[in-house]
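One structure is given here, and the rest of the page talks about it.
The values are calculated or read from the model by the stated rules, or taken from the named source; none is laboratory data. Only a predicted model underlies this, so the values are computations on that prediction, with no experimental measurement involved. Because the Cβ atoms are built from the backbone with ideal geometry, glycine has one as well, and the counts that use them run over all protein chains shown. These accessible areas exclude ligands, DNA and RNA; they are computed on the full protein's heavy atoms, side chains included. Shrake-Rupley method; radii C 1.70, N 1.55, O 1.52, S 1.80 Å.
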Amino acid sequence: DNCKLRGNYPRTIQALESCFSPDQLYFGFYENLFERVQLEKISSFLGVPVRPETTSKRVNVSEKTQTLSDELIKILRGEYDFVYDYVLDRFPVAKTLWTHA
């Protein structure tokens, strides 16, 4: 299933780390990507000037009116438990960004 493949962050991260050195990789989260400090971090990593105006237009944004039922959250959490566990352990900031994790 394409969604499961795209959402398998442990597999993707491990594949990237097998090909690139740590100084060649930048891991960030969409949930805080538009914050000034994150923009500065990614700009520094890429060696480009910080351009705050680039954060005014956001793409791939989910509608905030979407609400998942507790039952659906439980099902999805069970299906992707290994992903949540891996990411939450590897990137502690995800604990504050992923509110249903």
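Numbers below:
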| read-out | value |
| --- | --- |
| On Cα atoms only, tilt of 9-19 relative to the major axis of the chain in degrees | 40 degrees |
| Simple Cβ-charge dipole of the chain, Lys/Arg +1 and Asp/Glu -1, about Cα centre, in debye nearest 20 | 260 debye |
| Sulfur and carbon atoms: percent of accessible area, the chain [1.4 Å] | 54 percent |
| Whole-percent pair-distance distribution, where bins are 10 Å wide, for the alpha carbons of the chain | 12, 36, 38, 14, 1 |
| Set of aspartates and glutamates near Lys4 by C-alpha distance (under 17 Å), chain-local residues within fewer than 8 positions excluded | Glu79, Asp81, Asp85 |
| The range 20-101, accessible area per residue, ligands and nucleic acids excluded (1.4 Å, Å²) | 79 Å² |
| 0 to 90° range, to nearest 10: angle between helix 70-79 axis and the chain longest Cα axis | 70 degrees |
| Crossing angle, helix 36-46 versus the chain [Cα axis fit, 0-90 degrees, rounded to tens] | 70 degrees |
| Within a Gaussian network of the chain (alpha carbon springs, distance under 10 Å), most fluctuating of Thr67, Thr55, Thr12 | Thr67 |
